[in-house]
Amino acid sequence: TGCDLGTLVDGVWSVTAKQTASGIDSASTAALSVTVDTTSPTVTTFSSTKSNGTYVAGTTINITATLSETVAALASITVTLDTGDTVVLTTATASTTLTGTYTVGTGDNSADLTVSSYVLTSAPTAPTDAAGKAMTSTTLPTGANNIAGAKAIVIDTTAPTLSSATANTAGTQVTLTFNESINSTTAVAGNFAVSVGATSITVSSISVSGSTVILTLGTPAVI
């Protein structure tokens, strides 16, 4: 005995049967649960719980891929960040998320960290759902569904360089211009040294505005 259930959309279906003889119906059978799944899992978002800010070499930043459905344990993908680094995201148990950790390396730089692409990895295994359908799409989530769209994580491992230095006519101040903004919290007078010939001049105070640092000297610099 058999029957045609027709075309069933994805979902969990409950199927029962009964027999009719001489116009009399039997009791229904126990329900048979049937799961129809024709859709492969996909990555819906890339995210990080790291606070907004600027990070230097040695910092660790967690990265999470959220999937459209639960995948089997040991599933993994490899993401490429806009710094050029690659990170493997995986899960030890059946889950809707894959996680990994990016460690900022020397020379890494990003104005707004994000995932620029990803590939399916064969080891341990490509993400596969409960029905055995493997992930095939590597379409990249965009906007608020990627790290840069939701966070402001800056990677900066390159030290600032001095572009120019000029003194005022009185010799009481020296204006320094750098190639990027200077942190006004970490910059202190002791970081700077001024000398005229073999004579060192004390820097009594500094002021910082963007990429400009003004040094106020303890005694006028006379050339």
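Listed by position, the strands (runs of 3 or more DSSP E) contained in region 163-223 that have at least 3 residues being among the β-branched types (Val, Ile, Thr) are 173-178, 203-209, 212-217. Reported count of residues in region 101-135, each being closer than 17 Å to Val71 by Cα, open to solvent by 30 Å² or more (accessible area, probe 1.4 Å) and small (Gly, Ala, Ser), is 6. Within region 196-212, is even one residue over 31 Å from the mean Cα position of the chain (by Cα), of a type outside the set (Ser, Thr, Tyr), modelled with pLDDT under 90 and open to solvent by less than 40 Å² (accessible area, probe 1.4 Å)? No, because not a single residue in region 196-212 is over 31 Å from the mean Cα position of the chain (by Cα), of a type outside the set (Ser, Thr, Tyr), modelled with pLDDT under 90 and open to solvent by less than 40 Å² (accessible area, probe 1.4 Å).
Look at Thr44 and say whether it is in a strand (DSSP E or B), open to solvent by 70 Å² or more (accessible area, probe 1.4 Å) and of a type outside the set (Asp, Glu). Taking the combined requirement at face value, the residue does not satisfy it.
Residue pairs whose Cβ atoms lie under 9 Å apart, separated by 6 or more positions or on different chains, with the first residue in region 1-13 and farther than 15 Å from Ala31 by Cβ and the second surrounded by fewer than 10 Cβ atoms within 10 Å (Cβ to Cβ), are Val9/Thr38; Asp10/Thr38. Filtering Thr177, Thr172 for residues that are in contact with a strand residue (DSSP E or B) (Cβ under 9 Å, 6 or more places away or on another chain), surrounded by 11 or more Cβ atoms within 10 Å (Cβ to Cβ) and farther than 30 Å from Val154 by Cβ leaves a single hit, Thr172.
The values are calculated or read from the model by the stated rules, or taken from the named source; none is laboratory data. Quick caveat, the model's predicted, so the values are computed rather than measured. Glycine gets a Cβ as well: all are built from the backbone with ideal geometry, and neighbour counts include every protein chain shown. Note: accessible area is taken over every heavy atom of the protein model, side chains too, but ligands, DNA and RNA are not part of it. Shrake-Rupley method; radii C 1.70, N 1.55, O 1.52, S 1.80 Å.
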